[in-house]
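What follows is a set of notes on a single structure, which appears directly below.
The values are calculated or read from the model by the stated rules, or taken from the named source; none is laboratory data. Keep in mind that this is a model prediction, so the values were computed, not measured. Counting neighbours? That spans all protein chains shown, and the Cβs are built from the backbone with ideal geometry, glycine included.
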Amino acid sequence: MMFKIFFTSILLFIISCQPSSKQEPAAQSKLTTKDSLKITQEVLGVVNDYTQAHNNMDAAKAADYFVNSPEFVCVENAELDPSWDALAKMIKNWYSNAASAKFGWENEKVLVLSKNSAAMTGKFNFEATLKNKKKYASTGHATIVFVKQNDQWKFYHYHESYKAVNK
Amino acid sequence: MKTKIFIVALLVFLASCTPKQELTQQEKDQIKKEVNSSIQTIFSAWQTMDINKNSHLFLNTSEFTGIGVDGSILNYDEMIKMSKETFGLWSEFKTSIVKIDVKIITSEIAIATVIYRAEAKYKTGQVDNWDSIGSTFVLKKINNEWKVIHFQESSMPPKTVATKK
């Protein structure tokens, strides 16, 4: 009987110690090359969709890639954006005045941090024609730290430095 | 006897799964304290222009990426080289941290956002002032030390406030 108790306990211990899908284990679990490649593809896919949202001037969709949480941090040219709401409002206002937009990335590099987090850097180029026919262009570099929450990769931290050129 | 088996199994289940999945507030506080301390050490190394100390605080790996205020993308060696060259031009460098925000990703990964002011005095006598510089430090805990694995800085161009010695 003692053996049965021992066996049952060991079995339950093993089952209960499996990592939860919702919460990353406190200790870093081992990342395989396969994991890293998969995560890299996933976050680059998210960046591609985010880029398309800008090209379609879909402000709501673009804002939705950023995590809507008090944890979210956004730095633009050394200034902290106060909140997700402020960022979403800024994107919305921007596209309400734009007639067309072209956004793209180059030299993207992904650093996989854990099974549920990664950082991407890249150079971005942005061009837009405003409704008043004025042209706007900017180029710069960004760091995006992604965290996977509820099976979705979200921008948890965003930092961009750019130069704007009013044409 | 079945009841005993059930109770023992339940106790093992509860004991084994509860604390391992999520960091406790105490653990979070400890991580924030450690990361804050690492950031203070980095700024101290910058102010004393101690290149050896500075180099030790960043992770020497091919995965490291640094983005400088001028938009340059640097690997570890390039960043250390640029730091050496820049410190070589200055006679004094002062910083004043306005805000540090630490976010914990896992027990071994954290992000520190630092907003600070800076003043660099060149050996030529020129003095440059930055009203605000934003820094993102992605840190990883390796061998019980927090090291910067990714870094980006941004700022508006500095104001030159003096040009003579």
A:Lys154: away from chain B (no Cβ under 11 Å), part of a strand (DSSP E or B) and either touching a Leu at 6+ places or on another chain (Cβ under 8 Å) or closer than 30 Å to B:Trp146 by Cα (or both), yes or no?
yes
Inspect the stretch A:143-151 for any residue being more than 8 Å from chain B (Cβ to nearest Cβ), farther than 19 Å from A:Leu80 by Cα and part of a strand (DSSP E or B) and give the result as yes or no.
yes
Of everything in the stretch B:69-118 that's touching a helix residue (DSSP H, G or I) at 6+ places or on another chain (Cβ under 8 Å) and of a type in the set (Val, Ile, Thr), which residue is farthest from the other protein chains (Cβ to nearest Cβ)?
B:Ile80
So which of B:Glu78, B:Glu119 is part of a helix (DSSP H, G or I), at pLDDT 95 or above and surrounded by 13 or more Cβ atoms within 10 Å (Cβ to Cβ)?
B:Glu78
Which listed residue, of A:Tyr136, A:Tyr156, is farther than 23 Å from A:Trp84 by Cβ, among the hydroxyl-bearing types (Ser, Thr, Tyr) and touching a strand residue (DSSP E or B) at 6+ places or on another chain (Cβ under 6 Å):
A:Tyr136
Here are some residues: B:Lys147, B:Lys140, B:Lys121. Which one is at the interface with chain A (Cβ under 8 Å from one of its Cβ atoms) and touching a Lys or Arg at 6+ places or on another chain (Cβ under 9 Å)?
B:Lys140
Go over the candidates B:Ile73, B:Ile111 one by one and state the one that is surrounded by 15 or more Cβ atoms within 10 Å (Cβ to Cβ) and at pLDDT 95 or above.
B:Ile111
Exactly one of A:Ala86, A:Ala118, A:Ala164 is in contact with a strand residue (DSSP E or B) (Cβ under 7 Å, 6 or more places away or on another chain) and either surrounded by fewer than 18 Cβ atoms within 10 Å (Cβ to Cβ) or more than 14 Å from chain B (Cβ to nearest Cβ) (or both), and that one is A:Ala164
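Only one residue in A:Asn125, A:Asn132 is part of a loop (DSSP other than H, G, I, E, B) and farther than 16 Å from B:Leu139 by Cα. Which one?
On inspection, the qualifying residue turns out to be A:Asn132.
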Which one is nearest to B:Ser107 (Cα to Cα), of the residues in the stretch A:120-143 that are touching a Lys or Arg at 6+ places or on another chain (Cβ under 9 Å) and hydrophobic (A, V, I, L, M, F, W, C)?
A:Met120
Does B:Ile142 qualify as being hydrophobic (A, V, I, L, M, F, W, C) and under 25 Å from A:Val147 (Cβ atoms)?
yes
From the list A:Ser100, A:Ser117, A:Ser96, which one is under 14 Å from the mean Cα position of the chain (by Cα) and modelled with pLDDT of 95 or more?
A:Ser117
Subset of the stretch B:81-91 [among the hydrophobic types (A, V, I, L, M, F, W, C) and assigned to a helix (DSSP H, G or I)]
B:Met82, B:Phe87, B:Leu89
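Here is a yes/no grid of residues against (1) farther than 26 Å from B:Lys99 by Cα; (2) touching an Asp or Glu at 6+ places or on another chain (Cβ under 6 Å); (3) not hydroxyl-bearing (Ser, Thr, Tyr):
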| position | (1), (2), (3) |
| --- | --- |
| A:Gln41 | yes, no, yes |
| A:Asn48 | yes, no, yes |
| A:Ala63 | no, no, yes |
| A:Ser69 | no, no, no |
| A:Ala78 | no, no, yes |
| A:Trp84 | no, no, yes |
| A:Ile91 | no, no, yes |
When you go through (1) closer than 23 Å to B:Ser135 by Cα; (2) touching a residue at least 40 places away in the same chain (Cβ under 8 Å); (3) in contact with a Phe, Trp or Tyr (Cβ under 9 Å, 6 or more places away or on another chain) one by one for A:Lys123, which number turns out not to apply?
(2)
Could you count how many residues in the stretch A:130-160 are crowded, with 21+ Cβ neighbours inside 10 Å and aliphatic (A, V, I, L, M)?
4
Inspect all residues belonging to the stretch B:24-43 and state whether any of them is part of a strand (DSSP E or B), closer than 28 Å to A:Tyr162 by Cβ and within 14 Å of the chain's Cα centre (by Cα).
no
